[in-house]
Amino acid sequence: MHVGVVNGPNLNRLGRRRRDRYGRHTLADIVAALDALIVNPAGLTPYGKPLYDALSDTGLPVAVVHITQLYRYEGADAQDLFRGIATSYIAGFGWRGYSIALENLHVRRSEGPASA
């Protein structure tokens with residue numbers, strides 16, 4: 001299974017900028033090889049609409065990971081924009097949440113569409 005990692009700005013320049021340093025593969029090349037994405041939106045959780053849109057546009061399954069229980073610390077008013085696109089939503093397992101998300105995506109992939 002090929003899982004994506006969400007990266008920051010300027011990656012649209014991959015394959016064109018400083019090939020000696022960053023290589024010849026474009027971001028499109030990388031995304032084309034992915035089966036799913038895992039994201040921890042962290043501080044972007046309540047208002048990261050550009051990231052939300054970018055993840056939605058891929059059409060790939062998205063596992064959302066939060067290291068802590070968002071609602072435990074933010075209360076009932078906590079807002080998580082990313083819950084709406086999550087194929088898997090993992091919160092409160094610390095760093096292990098990433099492993100849980102990967103396992104969950106793998107199981108969903110192997111079981112097929114009926115598991116969603």
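State whether one or more residues within segment 67-75 are surrounded by 12 or more Cβ atoms within 10 Å (Cβ to Cβ), in contact with a helix residue (DSSP H, G or I) (Cβ under 8 Å, 6 or more places away or on another chain) and in contact (Cβ under 8 Å) with a residue 40 or more places away in the chain.
There is no residue in segment 67-75 that is surrounded by 12 or more Cβ atoms within 10 Å (Cβ to Cβ), in contact with a helix residue (DSSP H, G or I) (Cβ under 8 Å, 6 or more places away or on another chain) and in contact (Cβ under 8 Å) with a residue 40 or more places away in the chain.
Looking only at segment 14-54, count how many residues are exposed (fewer than 12 other Cβ atoms within 10 Å of the Cβ) and either among the basic types (Lys, Arg) or in contact with a Leu (Cβ under 6 Å, 6 or more places away or on another chain) (or both).
The qualifying residues number 7.
Within segment 54-66, does at least one residue satisfy the condition of being under 12 Å from the mean Cα position of the chain (by Cα), in a loop (DSSP other than H, G, I, E, B) and small (Gly, Ala, Ser)?
yes
Just need a number here: residues in segment 76-86 that are closer than 15 Å to Ala36 by Cβ and surrounded by fewer than 17 Cβ atoms within 10 Å (Cβ to Cβ).
0
Taking Tyr52 as the residue in question, decide whether it is aromatic (Phe, Trp, Tyr) and either touching a Cys at 6+ places or on another chain (Cβ under 6 Å) or free of Cβ contacts under 8 Å to residues at least 24 places away in the same chain (or both).
Answer is no for this residue.
Since every read-out is calculated from the coordinates, none of them should be taken as a lab result. Source: prediction; values computed, not measured. Cβ coordinates were reconstructed from backbone atoms using ideal geometry, including for glycine residues, and neighbour counts include every protein chain displayed.
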